[in-house]
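Scroll down for the structure; my scribbles are underneath it.
Values quoted throughout were computed directly from the atomic coordinates according to the rules given, and no laboratory measurement underlies them. Since this is a predicted model, take the numbers as computed values, not measurements. Note that each Cβ is placed from the backbone with ideal geometry, even for glycine, and that neighbours are counted across all protein chains shown.
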Amino acid sequence: MERVVSVCIDIFSYTLFQVVFCPSRRRRKISANFDKKSERRTGIEHSLARCYQEEKRILNLSDKVICLCYYTQRLLQNLYHITVKKIVLIHNGLVDAFEKERCSKKKLFLNHGEKIILFVGRLDFVKGLDILIKAIEGVLPLESDIRLLVVGDGNFEYYINQGSDISAKITYVGKISKERLYSYYQVADIGVIPSFHEQCSYVAIEMMMFGLPIIGTDSTGLNEMILDECKLYIKDKEPLVNQLSNRLTFLLGDEKVRKRIGVAYRKKYEEEYSFEKMCMNYKSLLDNSKCNE
């Protein structure tokens, strides 16, 4: 009779210290000083301290803690003081939906002569869509045959106003089915993820899966997914809008480079973010847990 082993596994998501945007849209990090005496803490520090202690208690009770990126692994070690032996890194993975028979721009009523820049995500500050819109404004004088395709739900009114000067070059398609989204991945020329907070982005994995050249920030877990030559550096002296405009202009002007980078991302998907790879890692974790019981 097979022996049943009970294993407590916590999949850690760093909600405590995520990036927060204040009304002025200046980025700031909120963190509690847990060394302060309780009566000296602010209201938000009290809340964070309680959450921290509860999360730390759960993490210490767990046999294994699964995290989705190296960024979170370092956070677990340095902030929560979880031993490295307890932490297991397993990336998200997706079933391969790439098809050689690609959807056409004509079928989606898109102009064949326009290069498609694709954004997929919520329409809010943390996803950086306003930065992308401003960057597109800078690209248009040099590359006029482009279109920004925005897929996702959120504050449409705000972003429509943000891009009012170039509204003819932006298409908002809203929240759509996975099948429809995959059609847009097939016709896009460049994917952009200007986000300030990601752990192991499914959008990035989907773009890799379809062999899209991706431009993204060096924020949190996204830093590990984006190739260096396509990376936007948040703390760099050069504004993000300028960095993004320059990288877009470079990629739009060289189809061979786009193809080379797309192939590199596809390889990264196959080696690190495939569904088979994820399943293999979870099976290995459970098998090792049984052996150590």
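For the stretch 38-85, a tally of residues being among the polar types (S, T, N, Q), part of a helix (DSSP H, G or I) and crowded, with 16+ Cβ neighbours inside 10 Å returns 2. Among the residues making up the stretch 257-286, those that are within 18 Å of CYS200 (Cα to Cα) and exposed (fewer than 12 other Cβ atoms within 10 Å of the Cβ) are GLU271, GLU276.
Does GLU276 satisfy the criteria of being in contact with a Gly (Cβ under 9 Å, 6 or more places away or on another chain) and acidic (Asp, Glu)?
yes
Filter the stretch 173-199 for residues that are crowded, with 18+ Cβ neighbours inside 10 Å and aromatic (Phe, Trp, Tyr); which is farthest from LEU232 (Cα to Cα)? Going through the qualifying residues, I end up with TYR184.
Residues in the stretch 85-139 that are basic (Lys, Arg) and either in contact (Cβ under 8 Å) with a residue 40 or more places away in the chain or within 20 Å of TYR184 (Cβ to Cβ) (or both): LYS100, ARG102, LYS105, LYS106, LYS107, LYS115, ARG122, LYS127, LYS134. For the stretch 140-195, a residue qualifies if it is assigned to a strand (DSSP E or B) and without any contact (Cβ under 8 Å) to a residue 24 or more places away in the chain, and the qualifying residues are TYR172, GLY174.
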